[in-house]
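The values are calculated or read from the model by the stated rules, or taken from the named source; none is laboratory data. Since the structure is predicted, the reported quantities are computational estimates derived from the model, not experimental observations. Here the Cβ positions follow ideal geometry from the backbone for every residue, glycine too, while neighbour counts run over all protein chains shown.
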Amino acid sequence: MRTKDPISSFNNCPICTTKLTLTKHNHRQRKTCPACGFVDWHNPAPAAGVLVVNDGKLLMVKRSDEPRRGDWCIPAGFIEWDESPQECAVRELKEETGLDIALGKLFNVYCGVDDPRTNALLILYFGEIIGGNPTPGDDAAELAFFSREEIPENIAFAAHIQAIKDLQQNYPGVLK
């Protein structure tokens, strides 16, 4: 599922404040500044998260904030300017769950196109709990471990739904 590119939310150049115009760049219409040459490439925002499976159950958090407040998701969030995807994944998991993890191998990368804030490029890793106290924090209202049959129906984002399907298909038996 792909959403239509809204081109951008900028009307004026963020560098010189001149009104932006549509110009063709790399086979697409992009907002461009006629004064300083700024091009709004309107790229997706990178995000990272962690799949933690413990005793055959997947760790998920319930969102306390919009969008999709009350829905469940894989612990994940947007990458900060000064951190790597791996650092983001570890930080987000700690902030949302209180747990410390050893980050494992890359699981997969997804295009998150149904978040009303932005399109995301979601990088997911495997992780193993090495410490901490399971406590919801940051933008998580609850946390829980779910078996295959217990996975909630109200999952916040399509990329997370696909990741769970991929986990079950590519790693049969990992979820009990």
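Worth pointing out:
- Residue among Lys165, Lys105 that is without any contact (Cβ under 8 Å) to a residue 60 or more places away in the chain and closer than 24 Å to Ser84 by Cβ: Lys105
- For the stretch 144-176, the set of residues classified as among the β-branched types (Val, Ile, Thr) and in a loop (DSSP other than H, G, I, E, B) consists of Ile151, Val174, listed by residue number.
- Neighbours by Cβ (under 6 Å, 6+ apart or cross-chain): first from the stretch 8-19, more than 25 Å from Asn119 (Cβ to Cβ) and at pLDDT 95 or above; second assigned to a loop (DSSP other than H, G, I, E, B) and among the hydrophobic types (A, V, I, L, M, F, W, C): Cys16/Ala35; Cys16/Cys36; Thr18/Cys33; Thr18/Ala35
- Flag for Leu93 being buried (at least 20 other Cβ atoms within 10 Å of the Cβ) and free of Cβ contacts under 8 Å to residues at least 60 places away in the same chain: yes
- Restricting the stretch 37-53 to residues that are touching a Phe, Trp or Tyr at 6+ places or on another chain (Cβ under 6 Å) and assigned to a strand (DSSP E or B), the residue that is nearest to Gly98 (Cα to Cα) is Val50.
- Among the residues making up the stretch 17-67, a single one is under 14 Å from His160 (Cβ atoms) and either surrounded by fewer than 18 Cβ atoms within 10 Å (Cβ to Cβ) or of a type in the set (S, T, N, Q) (or both): Pro67.
- Selection of the stretch 108-137 for residues being among the charged types (D, E, K, R) and more than 15 Å from Asp71 (Cα to Cα) yields Arg117, Glu128.
- The set of residues in the stretch 111-140 that are surrounded by 14 or more Cβ atoms within 10 Å (Cβ to Cβ) and of a type in the set (A, V, I, L, M) comprises Val113, Ala120, Leu121, Leu122, Ile123, Leu124, Ile129, Ala140.
- For the stretch 108-137, the set of residues classified as charged (D, E, K, R) and within 18 Å of Leu51 (Cβ to Cβ) consists of Glu128 only.
- Test: residue in the stretch 67-80 that is β-branched (Val, Ile, Thr) and modelled with pLDDT of 95 or more: yes
- Residue in the stretch 69-84 that is among the aromatic types (Phe, Trp, Tyr) and either exposed (fewer than 13 other Cβ atoms within 10 Å of the Cβ) or in contact with a helix residue (DSSP H, G or I) (Cβ under 7 Å, 6 or more places away or on another chain) (or both) present: yes
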